Each structure stands twice: as C-alpha cells, then as structure tokens.
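*Asks:* Dumping the structure here so I can ask a few things about it.
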Amino acid sequence: MNFQRLHIDKSLFYALLVLAGLSVLAVYSASGKELSVAISHSMRLLLGFAVMLGVAQVRPEIFERWSPYLFIVGLMLLVAVLVVGTIGKGAQRWLHFGIVTFQPSEIMKLALPMMLAWYLARADLPPTLFRLIVGFIIAAVPSAFIAKQPDLGTAALVFAAGAFTLFLAGMRWKIIILVFSAIAAAMPVVWNFMHGYQRHRILTLLNPEADPLGSGYHTIQSMIAVGSGGFYGKGWLNSSQAHLEYLPEAATDFIFAVFAEEFGLIGSLILLALYLFIALRAMLIAFYAQDAYSRLLAGGLALIFFFSFFVNIGMVVGILPIVGVPLPVMSYGGTSIVTVMSAFGILMSIQTHRRIVEQ
Amino acid sequence: MRLSVAGGIMLVLTLLLALRLSYLQVLSHTHFAMLSQANRIRPLPIPPPRGLILDRNGVVLASSYPVYTLEIVPEQVDDMKDLLKDLGKLVTITDSDLKQFNKQLRERPRFESLMLRTQLTDEEAARIAVQRPYLQGVELQARLQRHYPLGGLAVHALGYVGRINEAELERIDKSAYRGMRHIGKLGLEAAYEAPLLGKVGFEKVETNAHGRSLRNIERVAPVAGKILRLNLDAKLQALIEETLGKRRGAVIALDPRTGGVLAFVSTPTYDPNRFVNGIDPTTYRSLLDNPDKPLINRALNGQYSPGSTIKTFLGLAALETDQQKFDYRHQVVCPGFFTLPGSVHQFRDWKKNGHGMVSLREAIQQSCDIYFYRLAVTIGPDAIKEFLQPFGFGAKTGVDINGESEGILPSPAWKEARKQKWYPGETVVMGIGQGQLIVTPLQLADAMSAIANNGVRPKPRLVHAIEDAKTKAQRIVEPEFCPELPLKNKIHLSQLTEYLTAVAHTQQGTAYGIGYNAPYKIAGKTGTAQVKSVAQGQTYNENMVPERFRDHALFISFAPANDPQVAVSVIVENGGHGGSAAAPIARKVMDYVILGKITATSPAAPGATLDNDE
C-alpha cells in the first residue's frame with residue numbers, strides 16, 4: 001500500500017490503530033461486557049478514521065484559507081450554546097441540529113490553533129508584542145465562553161493550547177515568566193468566579209476522605225482501581241472496581257482506571273508510551289513543516305492532544321482535580337473522537353503534502 | 001528550538017505520570033489491594049425528604065410521601081416483552097405507563113433502573129414481592145414522591161418538580177442529588193430548590209462479591225429539606241379560583257405593607273401532579289392545545305393593556321405636574337371626543353355624549369377619557385414614562401419566582417431603538433392605557449401597593465419564612481422595598497386616595513356596585529382594555545362581538561383606604577367591564593382579608609350603573 005500517495009503518515013496511522021484496538025477492549029470491559037457499547041464505540045472509531053483519512057487529502061493551504069471562518073463559526077456556535085442555555089436555565093454544552101447533537105467546545109479544540117496559526121503566520125516570526133496580545137485575546141474569548149457553560153476542564157485545555165501556540169511562535173521568555181506570574185496572581189479571582197462544586201473538587205483533591213460520597217469518592221475509587229492493579233494487573237475483564245460499580249463513569253472519563261486495574265503497571269506504561277509516541281510524532285511533523293502556518297498549527301494540535309491525555313490520566317491517578325475531560329480515542333463517547341481524528345487528519349495532510357512539494 | 005522545549009515538557013510530564021503510576025501500582029499496591037478487597041463496603045445514598053410547602057396557616061400545598069415503585073433494570077432482563085406481559089398480570093400497567101417506560105428505555109443507559117409504575121397499592125407491592133425471585137431485573141423500591149394535595153390550586157405560584165433531565169444533569173452537583181430523580185422545574189419549587197432539597201445521607205453497606213447487600217455498618221441520616229412557609233392563604237386562593245371559575249384571568253392580592261403575596265391566581269389552572277413523573281404526551285398535548293392556555297402564567301407573564309386603571313397613576317402625575325403647565329384644579333370640557341390640532345381623527349370617550357365639565361376628581365371617579373387624553377398630550381410621552389417608571393412598569397417586580405415578564409413601558413426613545421416612529425396619537429391613547437403600554441397583573445398590584453404604602457413600593461414575596469424541619473428554627477424572609485416614589489408633595493397621595501375612594505363610594509363612581517354596601521372604604525379604579533379596535537364612527541356592542549374579542553375587564557384597588565391591608569389587581573379576560581366583571585372579585589378578596597369572612601356575590605347597588613366605564 002502506498003501510504004504517501006494516500007496521504008497517510010504511516011507511524012501515526014499504526015499507533016492510532018493500536019490505540020483504537022486497546023480502546024475497544026477497555027470499553028467492552030468497562031461497560032460491564034456490554035457488546036452493544038463495544039460495537040457502537042467501534043463504529044465511532046471507524047467513522048473517526050474515515051474522517052481522518054478524508055481530512056488528510058485536503059491541502060494545508062486550504063486549511064489556512066478557511067481558518068478564520070471556521071473560528072468565527074465556532075465562536076458563533078459557542079454563543080448559540082450560551083443563548084440556548086439561558087433559555088433552558090442551566091448549563092448547556094450541547095447544540096441540537098435535528099438528529100445530530102454536538103459540543104461546539106470540541107470544534108474550538110481545532111479552530112483555535114488554526115486561527116492562531118493563521119493570525120501569527122501573516123507576519124514575521126517572532127511576533128511583536130502587539131500581535132502576542134491580540135493572540136491572547138483570540139485564545140481567551142472562546143475559553144471564556146466555554147468556561148461560562150460551565151466546562152472548566154475544556155476551557156483550560158483550549159486556553160492552554162492557545163497559549164502554547166503563542167509560545168511556539170516565539171514568545172520571549174521574559175513575557176512567559178510575566179504571564180505565569182499574572183496567572184498565579186489571578187488565581188484568587190478565578191477561585192471567586194468558580195461554582196461551588198468546582199471549588200469543592202479542587203479541595204477534595206487535597207483531602208479526598210473529606211467527602212467520601214461526592215467527588216472525593218471518585219478520586220478514592222479511581223486510585224483504588226489503579227493501585228490494586230499492581231505490576232501485572234488483574235487481567236482483562238477482571239476489574240472488580242468497575243464491575244461492582246464502585247468506579248463512576250468507568251467507560252468514559254475513568255476508562256484509564258479500568259485499563260490500569262486490568263493491565264497493571266506494565267499495561268499502563270505501554271499505553272502511556274503509546275500516547276507519548278503519538279504526541280511526539282505530531283511534534284516532529286511540526287518540526288519538519290515547511291511554512292510557519294503548518295508548523296504552528298501542527299505544534300498546537302500536538303500540544304492539545306498531549307494535554308488532553310495528561311489532564312485525564314492526571315485526574316485518574318489523583319494528581320489533578322476531577323474536571324471531566326475524556327481520554328482521547330479511549331473514552332466511550334462519540335463527540336471527541338471525530339475532532340481528535342480530524343486533528344490527526346490535519347497533521348497527516350501537513351506531513352504528506354510537504355513531501356510531494358519536495359519531489 | 002521551541003519545538004524541542006515543548007517536546008521536553010511532554011517528556012517530563014509523562015515521566016511524572018509514570019512515576020505516580022509506579023507509586024500507586026508498586027509501592028502502594030498492598031495498601032490499595034487491601035482497600036479493593038475491603039471495597040465490599042459501599043456507601044449507598046439515602047435521599048432526604050423534600051421540604052414541605054405550607055400556606056400562611058399551615059395548610060399543606062406540597063408534600064412528599066413514600067410510594068412503592070416498580071422498576072426494571074433493562075440489562076438484567078432477557079426478554080423484555082415477556083417480562084412486561086408477566087408483570088401486567090400482577091399489577092395494572094396502563095398504555096401511558098408503557099409509553100413512558102419505552103421512552104426511557106430508548107433514552108437511558110441500560111444499567112439504570114427505570115420506573116415502570118409508581119404508587120403501587122399495598123396489595124400490588126405484596127404480589128410483586130412474592131414473585132420477585134422469578135422476575136429477573138425487577139426491583140420494588142420505596143421512594144419519596146412529591147405530591148400536591150390541593151391539585152391545581154396556586155399551581156402557577158408553586159410550580160412543580162419533575163425528572164432531572166440531561167441539561168440539568170450537566171448543571172447540578174451530582175453528589176448532592178445522589179439517589180434522587182427529581183428537581184424543581186418551575187415556580188417556587190425551582191426558585192427555592194436549594195433549601196427545599198435537603199442533604200443526602202448515606203449508609204455504608206457490606207456487600208458480597210456480587211454487590212448484594214449483607215448488612216449495614218454505618219449510617220449518616222439525611223437532612224430533610226427546609227419547610228417553606230408562604231404568605232399565601234390557600235383558602236383565599238381557593239375562593240378566588242372558584243369565583244373566576246371557567247373564566248380566564250389573573251388576580252394578585254398583596255399586603256402593601258410587606259409585599260407578602262396573599263393570593264396568586266392565574267386561571268385556568270392545571271394539575272401539577274401529572275408532571276412529577278413525566279407527563280404523558282397526550283395529556284401534555286391537550287394542555288398545550290387548550291384554547292384557554294392553562295400553562296400560561298397570566299399573573300406573572302400575562303401581557304395586558306392596563307386600560308383605564310393607568311389613570312390612577314396618571315392622576316397622581318396630574319397632581320404632581322407643575323401648575324403652570326397643567327393645573328388639575330381647572331375643569332376640562334368633555335364633549336365626548338378629542339382631536340389633535342391639525343387632525344380630524346376623533347379619539348372618543350367611552351360615554352358617547354361626554355361627561356360635561358370635569359375636574360380631576362370626576363375624571364377619575366367616572367373614568368373620563370377626554371381629561372386624560374388632554375393630560376397626556378400636555379405633559380408628553382417622556383414625562384409619562386419618567387413618572388410611571390418608579391411604579392415598576394416596564395421592569396420586573398422582583399417577586400421570588402423566576403421567569404417574570406417585564407411588560408413594556410414605551411416612549412419615543414424606546415420606539416426609536418426599534419427603528420419605529422412615535423406617532424402623536426400614541427401619546428393620546430397612552431393617557432387611557434392603550435397602545436404599546438403592556439403590564440402584568442403582578443405589576444399592577446405592586447404599583448397599587450406603592451400608593452397604599454405611602455409611596456414605598458414593596459417587592460412581592462411569596463415566601464414568608466424558611467423553617468428547619470427538625471429544629472423548627474425559622475429564617476424570616478425580610479420584606480424588601482424599592483426606593484420611595486420621587487413625589488413633590490406626599491399630600492398628593494392622600495388626595496389621590498380620596499378620588500379613588502370616590503370611584504367605589506359615590507353614585508357616579510364606576511365601581512359603586514361594590515362600594516355602596518362595604519363596611520370599609522375601598523380605593524380603586526376600574527379599567528377595560530380593548531382586545532379588538534373599533535373603527536372610526538362605529539360603536540362597540542358587546543353582544544355583537546365574539547367572546548374572544550370582547551374587552552378585558554380590570555380592577556385595581558386597595559382597602560381600607562385609610563389603613564391599607566390589602567392591594568388587589570384583577571383581570572378577567574374578555575370579561576367585559578371592569579366595574580361589573582372584575583371589581584366584585586376584588587371585593588370578595590377584601591372582605592376575606594379585612595372582615596375575615598367569605599361573602600356571597602353582592603347584590604346590585606341601588607341605582608348603580610354596572611355597565612359603566614369606557
């Protein structure tokens with residue numbers, strides 16, 4: 001098979017294939033051996049791969065041209081979500097279009113890095129201070145909308161991706177240190193704006209036993225799952241934590257806990273290595289990219305992927321608060337799979353179209 | 001360079017995760033393995049009983065009581081059709097139960113227990129309990145169910161609880177709702193969700209390897225939800241709802257001194273109990289399609305022209321206006337029509353041949369339109385808006401339930417913002433409360449309270465106190481007030497009250513029918529709001545117009561005039577005249593509050609013309 005002609009990056013493709021295979025095993029076990037859940041997860045993965053291959057055929061210039069429009073559409077959808085949410089009087093992350101339902105915040109995970117790459121690549125790098133400030137605003141606006149839904153986990157993720165794209169564009173270290181101190185100083189303000197339950201989650205991270213029935217319960221149960229797995233694990237389909245329903249959201253946000261319980265340290269380290277490999281491979285694509293836009297976009301996408309799995313696993317092993325961010329590709333739930341796979345489609349497009357130009 | 005830094009950060013952070021994993025899975029493995037074994041002990045939530053809602057005399061308006069429910073966990077069932085057939089032989093399962101169940105079956109996860117029937121009789125519950133070993137996946141649960149013992153009474157104030165839906169699930173703190181399936185959806189149930197909810201308790205239960213409970217180890221009792229004690233009087237509420245009967249309308253009774261809502265009526269009502277476990281689509285459709293629109297909260301959201309009741313407030317404006325500009329002491333000729341300079345259009349008075357010479361007192365007493373056309377044109381729309389604003393028109397009253405409408409207080413600037421032109425005629429009709437001016441019954445009662453309470457408008461409060469279910473400690477909801485009306489001279493308030501008293505207590509008054517035999521003084525104003533406009537040169541004949549297009553009848557009032565205890569607004573949709581259709585209802589309310597008695601409809605006043613007004 002000629003991967004190059006099909007615009008497929010071979011190592012990414014195989015790594016994702018392995019990951020998808022593992023995820024079907026994990027979801028089947030975590031759902032309580034529910035075949036229908038495993039099948040529907042497989043169907044979504046299949047759709048994800050199809051979307052990835054489709055996106056990979058599109059030339060990077062076309063992404064560049066459409067970046068601002070996608071961003072604006074994404075912003076409008078976020079506003080729409082907030083407006084609909086006000087009418088419904090509650091948190092709304094979803095938009096309903098007839099039979100299709102999706103989360104506009106997921107689109108932002110793609111649209112924001114694209115927009116920033118487009119904006120920054122229009123002038124020489126490294127960007128001027130003015131362009132950096134505008135870049136920050138571009139990143140802050142959608143993040144604020146998402147935080148308002150409220151979905152703090154995704155908001156932080158989207159903002160971090162934006163900030164790192166700016167970093168890749170060549171922000172000076174002095175400014176970086178300044179920004180970090182500003183963020184540290186803003187923490188008490190953020191704390192004030194948080195919902196009660198969000199504060200609660202952060203506090204229970206420090207002392208999970210304080211709330212054994214609430215969010216502390218999640219952390220305790222998930223740590224028990226991981227820890228009791230030991231070095232070799234309890235074996236596939238033997239996660240007692242998930243099957244006795246001690247572990248909440250076993251098939252979605254806490255899928256890694258089930259995996260770690262069943263496959264032990266060996267399995268978790270292999271999975272971690274696989275994720276790291278994919279993230280680094282994406283970084284390498286950024287490294288080889290020929291123009292500024294492709295490089296910034298590939299780097300931004302690589303980082304957002306990295307932080308998605310870092311935050312999720314960090315939450316499962318009890319070093320980050322429970323924010324409800326799914327583990328990319330592994331977690332059951334269709335919305336994020338399509339956006340994650342589209343991101344890989346873009347990465348493959350950047351990688352493969354480059355070589356054709358060279359020839 | 002930057003890319004390698006980013007790659008480095010990735011490596012370091014991943015290493016951090018790897019270290020944490022090694023710590024958990026190798027160094028602490030024994031500890032967690034033990035915990036995992038000990039995880040035979042699981043906490044089970046005990047939902048708290050939701051707080052009661054009581055009226056001012058302790059009458060129960062909303063309570064929770066335990067019911068047996070029949071539930072099914074789909075993933076444990078081999079053949080659902082068969083099971084449902086078997087269950088149908090043991091208990092009655094209606095088509096609507098089945099419809100509801102199938103809807104959940106499609107929407108909810110298969111491991112969740114879904115309700116098939118609620119409120120099983122003891123006999124039915126016993127039959128299920130006996131057969132349970134043979135019914136795989138069937139559960140018999142004792143759950144607390146919300147119940148509104150008085151049915152539709154005050155439903156528009158109480159609201160109801162319903163099943164927690166997807167959007168709410170995203171918003172709420174799930175740990176606070178463990179073991180619970182209901183949440184306040186509307187009215188007080190939604191606005192006071194937090195105190196009503198209570199705190200979930202839990203018991204630690206030892207289970208066997210299959211998760212079946214063996215024995216209880218520890219129990220933390222739930223904390224019952226707080227009791228809401230309302231200002232509302234259920235007896236008064238019932239009296240008004242009965243009096244309105246099949247008519248559409250709204251009645252608000254406030255204590256002007258505190259803003260306490262004594263009655264909050266919107267008719268027709270509907271039964272909130274049908275919403276608790278998800279209303280079946282047929283019933284819901286029929287409520288939606290009902291031409292009387294029972295689901296609309298007319299008291300809170302009704303969009304009505306105030307009609308002549310607005311003359312109450314414009315009358316005060318006349319007293320307050322600079323006497324150089326408009327002198328209320330002068331008499332105005334009322335020939336029965338009014339024209340703007342340079343126009344032939346005739347704005348008519350409700351009384352064809354006019355009222356002759358009228359002063360402000362007579363203009364209010366007899367509801368003369370011409371006087372107020374002239375007043376409105378003289379002081380202009382901006383001054384009218386300025387004056388009406390402090391009464392709360394065009395803004396929320398701040399009542400303690402959600403979803404209140406603001407109504408519309410129009411002005412040339414307001415129209416300009418909508419790219420529309422302000423026509424001189426709009427100023428004219430504003431004088432008699434027609435045109436774009438839109439108010440809610442709650443706003444009218446609250447505005448009337450401002451006059452009754454010496455210029456200080458209270459914010460309406462349905463809840464009087466929030467009481468702890470166990471300690472009975474009460475937290476009184478303190479009355480809140482708006483800034484005092486900016487009046488030049490407070491004497492004008494008593495002067496206006498005297499004119500309003502003339503409406504009900506003098507023979508020419510438009511509400512003499514309810515005032516002539518009242519043992520206390522009533523200050524009020526009738527109103528009739530046009531639903532369909534009458535063309536130039538035509539007369540309106542009630543009997544010729546289909547009911548839906550007949551005028552709305554209004555009456556706003558307070559009593560006793562010298563020491564107000566209650567302010568009432570009444571709107572009867574398509575009721576005809578304010579004096580004959582709306583005022584008698586207000587009289588009943590005032591008799592109840594002031595005299596403590598329920599009166600029969602008062603006989604017609606001697607010589608009173610009940611078909612008065614506009």
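The values are calculated or read from the model by the stated rules, or taken from the named source; none is laboratory data. This one's a predicted model, so the numbers in the text were calculated from it and none came from an experiment. All Cβ positions, glycine included, derive from the backbone under ideal geometry; neighbour counts span all protein chains shown.
*Asks:* Return yes or no: is A:Gly233 on the phi > 0 side of the Ramachandran plot, buried (at least 21 other Cβ atoms within 10 Å of the Cβ) and of a type in the set (Gly, Ala, Ser)?
*Replies:* It is true that A:Gly233 is on the phi > 0 side of the Ramachandran plot, buried (at least 21 other Cβ atoms within 10 Å of the Cβ) and of a type in the set (Gly, Ala, Ser).
*Asks:* For B:Lys204, only one of the following conditions fails: (1) assigned to a strand (DSSP E or B); (2) under 18 Å from B:Asn277 (Cβ atoms). What is its number?
*Replies:* The number of the failed condition is (2).
*Asks:* Taking segment B:61-91 as the search range and keeping residues that are part of a strand (DSSP E or B) and of a type in the set (Val, Ile, Thr), which one is nearest to the other protein chains (Cβ to nearest Cβ)?
*Replies:* B:Ile72
*Asks:* Of the residues that sit in segment A:322-338 and are away from chain B (no Cβ under 14 Å) and in a loop (DSSP other than H, G, I, E, B), which one is farthest from A:Val37 (Cα to Cα)?
*Replies:* So the residue we want is A:Val325.
*Asks:* Also, I was wondering about something else. So in segment B:533-556, with the set limited to residues that are under 27 Å from the mean Cα position of the chain (by Cα) and at pLDDT below 90, which one is surrounded by the most Cβ atoms within 10 Å (Cβ to Cβ)?
*Replies:* B:Asp551
*Asks:* Here's a follow-up. Here is a list: B:Asp271, B:Asp255. Which entry is among the acidic types (Asp, Glu), more than 26 Å from B:Asn454 (Cβ to Cβ) and not assigned by TED's automatic domain parsing to the domain that holds B:His182?
*Replies:* Matching residue, one of B:Asp271, B:Asp255: B:Asp271.
*Asks:* Now a separate question. Taking A:Ile137 as the residue in question, decide whether it is surrounded by fewer than 19 Cβ atoms within 10 Å (Cβ to Cβ) and over 20 Å from A:Leu78 (Cα atoms).
*Replies:* Against the criterion (surrounded by fewer than 19 Cβ atoms within 10 Å (Cβ to Cβ) and over 20 Å from A:Leu78 (Cα atoms)), A:Ile137 does not qualify.
*Asks:* Further, regarding this structure: Go through (1) assigned to a strand (DSSP E or B); (2) surrounded by 15 or more Cβ atoms within 10 Å (Cβ to Cβ) for B:Glu124 and report which single condition fails.
*Replies:* Looking at each condition in turn, B:Glu124 falls short on (1).
*Asks:* Please go through (1) more than 9 Å from chain B (Cβ to nearest Cβ); (2) in contact (Cβ under 8 Å) with a residue 12 or more places away in the chain; (3) within 23 Å of A:Val325 (Cβ to Cβ) for A:Leu237 and return the number of the only condition it doesn't satisfy.
*Replies:* Tallying (1) more than 9 Å from chain B (Cβ to nearest Cβ); (2) in contact (Cβ under 8 Å) with a residue 12 or more places away in the chain; (3) within 23 Å of A:Val325 (Cβ to Cβ), A:Leu237 fails exactly one: (3).
*Asks:* Also, I was wondering about something else. What helices (runs of 4 or more DSSP H), lying completely within segment A:149-259, carry at least 1 residues that are at pLDDT 70 or above and touching a Gly at 6+ places or on another chain (Cβ under 6 Å)?
*Replies:* Filter on segment A:149-259 gives A:152-170, A:215-229.
*Asks:* Separate question: Can you find a residue that is touching a residue at least 24 places away in the same chain (Cβ under 8 Å), farther than 21 Å from B:Asn273 by Cα and in contact with a Ser or Thr (Cβ under 7 Å, 6 or more places away or on another chain) anywhere in segment B:75-91?
*Replies:* Checking segment B:75-91: not a single residue is touching a residue at least 24 places away in the same chain (Cβ under 8 Å), farther than 21 Å from B:Asn273 by Cα and in contact with a Ser or Thr (Cβ under 7 Å, 6 or more places away or on another chain).
*Asks:* Also: Quick one: in segment B:127-156, of everything that is assigned to a loop (DSSP other than H, G, I, E, B) and of a type in the set (Gly, Ala, Ser), which residue is surrounded by the fewest Cβ atoms within 10 Å (Cβ to Cβ)?
*Replies:* Result: B:Gly151.
*Asks:* Consider B:Leu13 carefully, then state whether it is within 21 Å of A:Ala260 (Cβ to Cβ), within 9 Å of chain A (Cβ to nearest Cβ) and among the hydrophobic types (A, V, I, L, M, F, W, C).
*Replies:* yes
*Asks:* Among the listed residues B:Gly58, B:Gly7, which satisfies the condition of being on the phi > 0 side of the Ramachandran plot and either more than 10 Å from chain A (Cβ to nearest Cβ) or free of Cβ contacts under 8 Å to residues at least 40 places away in the same chain (or both)?
*Replies:* So the residue among B:Gly58, B:Gly7 that is on the phi > 0 side of the Ramachandran plot and either more than 10 Å from chain A (Cβ to nearest Cβ) or free of Cβ contacts under 8 Å to residues at least 40 places away in the same chain (or both) is B:Gly58.
*Asks:* Quick one: would you say A:Leu265 is closer than 19 Å to A:Met341 by Cα and facing another protein chain (nearest Cβ under 7 Å)?
*Replies:* Against the criterion (closer than 19 Å to A:Met341 by Cα and facing another protein chain (nearest Cβ under 7 Å)), A:Leu265 does not qualify.
*Asks:* Quick check on my filter: what residues within segment B:157-167 are touching a residue at least 12 places away in the same chain (Cβ under 8 Å) and surrounded by fewer than 18 Cβ atoms within 10 Å (Cβ to Cβ)?
*Replies:* B:Arg163, B:Ile164
*Asks:* Are any residues in segment B:253-266 of a type in the set (Ser, Thr, Tyr) and crowded, with 24+ Cβ neighbours inside 10 Å, and if so, which ones?
*Replies:* B:Ser266, the sole residue that qualifies.
*Asks:* Scanning segment A:277-331 for residues that are crowded, with 24+ Cβ neighbours inside 10 Å and of a type in the set (Ser, Thr, Tyr), which turns out farthest from A:His353 (Cα to Cα)?
*Replies:* The residue in question is A:Ser331.
*Asks:* With the checklist (1) in contact with a Phe, Trp or Tyr (Cβ under 6 Å, 6 or more places away or on another chain); (2) in a loop (DSSP other than H, G, I, E, B); (3) of a type in the set (Ser, Thr, Tyr) in hand, flag the one item A:Tyr275 doesn't pass.
*Replies:* Going through (1) in contact with a Phe, Trp or Tyr (Cβ under 6 Å, 6 or more places away or on another chain); (2) in a loop (DSSP other than H, G, I, E, B); (3) of a type in the set (Ser, Thr, Tyr) one by one, A:Tyr275 breaks only (2).
*Asks:* Hey, B:Val333 hits all of (1) over 41 Å from the mean Cα position of the chain (by Cα); (2) assigned to a loop (DSSP other than H, G, I, E, B) but one; which does it fall short on?
*Replies:* (2) is the only condition that B:Val333 fails.
*Asks:* With respect to the numbered conditions (1) more than 14 Å from chain B (Cβ to nearest Cβ); (2) modelled with pLDDT under 90, which one is the sole condition not fulfilled by A:Leu45?
*Replies:* For A:Leu45, the exception is condition (2).
*Asks:* Report the residue count in segment B:389-410 for those that are surrounded by 23 or more Cβ atoms within 10 Å (Cβ to Cβ) and not hydrophobic (A, V, I, L, M, F, W, C).
*Replies:* Going through segment B:389-410 one residue at a time, the tally reaches 3.
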